[in-house]
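Below is one structure, written out as structure tokens, with a few remarks after it.
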Amino acid sequence: MRLTCRRQGLPCDLHVEKSMNVQSLSVTCFRNLGRLQLSPAPGVNVLHGLNGSGKTNLLEALFTLCLGRSQRRAPDTVLLQHECDVYRLEGKIATSSGPKSPAVAFQRGGRKKVTIDGAPSKLRELYDHFCAVSVGPEDSEILAGPPAVRRAFLDMYLSQFSRLYLSDLIAYQAALAQKNAALKRDMDPSPFDGVLISHGARVTCARNSFLSSLAAAAAEYYARISGGERFELRYRPSVPLSNGHAEIGDAEVAFQVQLDGHSDRERAVQTALVGPHRDEILFSVAGYPARMYGSQGQWRTAAVALKLALYQMLKRERGMPPLLLLDEIFAELDEARAMSLIGLFEGFSQLFLTTAHKPPAHLRESGAVFRLEDGRIEEQP
């Protein structure tokens with residue numbers, strides 16, 4: 001899969017690492033994890049403990065260390081422990097070019113700070129070195145939740161494929177905030193339209209290319225898991241693309257036409273109504289809209305199929321297996337099915353999985369097992 005928007009060029013402009021393993025993690029005041037030190041194994045790491053012990057929070061800390069944000073889309077104010085003013089995550093991550101030492105910190109009432117090897121860095125620089133795929137119960141919201149959840153899911157993973165996409169997205173969101181502020185103050189918003197068109201058109205066609213590849217791969221995985229049931233994904237951009245093609249120039253023209261047609265309405269409602277922030281992803285299962293007619297089991301299966309597809313696409317595009325985080329996959333599966341699912345994530349470099357039950361014998365024998373209780377962790381023999 002090559003992320004190409006024809007005139008956009010550069011299908012994947014991120015630095016490629018051949019391997020990636022978290023060697024150490026230090027957590028301070030993150031969720032219910034007051035102070036915690038983890039030295040994981042290079043392969044399978046089982047996080048075992050009762051519900052509420054901090055297993056999911058530890059996966060979230062790992063994801064946030066790698067990419068600077070929660071896979072559960074939680075804001076930093078929620079990640080910060082109630083009685084603390086600062087959370088801090090520090091780690092050492094092995095890569096083929098040597099160890100990297102990222103750190104992510106957030107102060108109440110302040111801004112998030114990121115460093116890599118002690119040097120102040122922008123959040124987007126984490127994407128240059130690290131990638132991760134998370135599978136958890138919250139993923140059903142991708143199918144059943146509001147459009148904003150699907151856009152957040154799309155941005156989180158597409159940004160791991162393309163630094164250019166992430167840069168365009170950040171620039172677009174900044175201009176969008178300025179336009180909305182102007183609209184709310186009854187000021188002329190048109191000075192921001194040129195920036196929105198330029199970056200928004202690139203965001204739109206990158207999404208179109210990416211989702212086309214994801215749709216084919218996810219449909220194949222869904223059929224394998226479900227026994228042949230049909231799963232489809234369709235991109236519905238706010239700015240329609242001619243015949244579904246993703247030409248930058250055509251997208252810019254279409255964007256301008258849509259803005260012209262909605263300008264009076266935008267002034268009336270005082271918010272921007274055109275652009276990627278209004279995009280939608282439509283899912284269907286067995287020919288029916290998944291959000292309206294899908295069952296909990298179908299939503300869960302579809303979410304897993306999406307993450308399987310993303311994992312293999314990232315592994316191929318980045319030249320390394322992403323860090324793999326599996327949250328409570330044993331809750332709904334027997335041991336044989338759970339092991340079969342893990343097997344679908346073939347060739348993983350490092351895997352973290354949580355379970356509230358006794359870890360399967362195979363995993364206890366082949367990987368490290370850690371017991372969590374009340375935010376504390378201890379390796380099990």
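The values are calculated or read from the model by the stated rules, or taken from the named source; none is laboratory data. Here the structure is a predicted model, which is why all the values come from computation and not from measurement. Here the Cβ is made from the backbone with ideal geometry for all residues, glycine too, and neighbour counts use every protein chain on show.
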Handout entry: Members of the range 27-59 that are closer than 23 Å to Arg73 by Cα and part of a strand (DSSP E or B)
Key = Val27, Thr28, Cys29, Phe30, Leu33, Gly34, Arg35, Leu36, Leu47
Handout entry: Unmet criterion (only one of (1) touching an Asp or Glu at 6+ places or on another chain (Cβ under 8 Å); (2) at pLDDT below 95; (3) not in a loop (DSSP other than H, G, I, E, B)) for Arg124
Key = (1)
Problem - Search result, residues across the range 92-105 that are part of a strand (DSSP E or B) and either more than 20 Å from the chain's Cα centre (by Cα) or over 19 Å from Val27 (Cβ atoms) (or both) - result: Lys92, Ala94, Thr95, Gly98, Pro99, Lys100
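So is Glu335 modelled with pLDDT under 90, in the same structural domain as Ala41 (by TED's automatic domain parsing) and over 21 Å from the mean Cα position of the chain (by Cα) or not? Give the derivation first.
Details: modelled with pLDDT under 90: yes; in the same structural domain as Ala41 (by TED's automatic domain parsing): yes; over 21 Å from the mean Cα position of the chain (by Cα): yes.
So Glu335 passes the test.
Return yes when Leu211 is out of contact with any Asp or Glu (no Cβ under 7 Å at 6 or more places or on another chain) and closer than 23 Å to Thr56 by Cβ and no when it is not.
On the way: out of contact with any Asp or Glu (no Cβ under 7 Å at 6 or more places or on another chain): yes; closer than 23 Å to Thr56 by Cβ: no.
Judged against the criteria, Leu211 is not a match.
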Handout entry: Number of the exception - Asp250 against (1) out of contact with any Gly (no Cβ under 7 Å at 6 or more places or on another chain); (2) assigned to a loop (DSSP other than H, G, I, E, B)
Key = (2)
Problem - Subset of the range 38-83 (residues that are closer than 21 Å to Glu141 by Cβ, free of Cβ contacts under 8 Å to residues at least 12 places away in the same chain and not small (Gly, Ala, Ser)) - result: Pro75, Val78
Exercise for the section: Go through the range 259-284 residue by residue and tally those that are more than 29 Å from the chain's Cα centre (by Cα) and part of a helix (DSSP H, G or I). Expected result: 11
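Let's see how each residue does on (1) at pLDDT 95 or above; (2) buried (at least 21 other Cβ atoms within 10 Å of the Cβ); (3) over 26 Å from Lys307 (Cα atoms):
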{"position": "Gly194", "(1), (2), (3)": "yes, no, yes"}
{"position": "Thr204", "(1), (2), (3)": "yes, yes, no"}
{"position": "Ala218", "(1), (2), (3)": "yes, yes, no"}
{"position": "Tyr222", "(1), (2), (3)": "no, yes, no"}
{"position": "Gly227", "(1), (2), (3)": "no, no, no"}
{"position": "Arg236", "(1), (2), (3)": "yes, no, no"}
{"position": "His245", "(1), (2), (3)": "no, no, no"}
Handout entry: Any hit, the range 258-275, residues being among the hydrophobic types (A, V, I, L, M, F, W, C) and in contact with a strand residue (DSSP E or B) (Cβ under 8 Å, 6 or more places away or on another chain)
Key = no
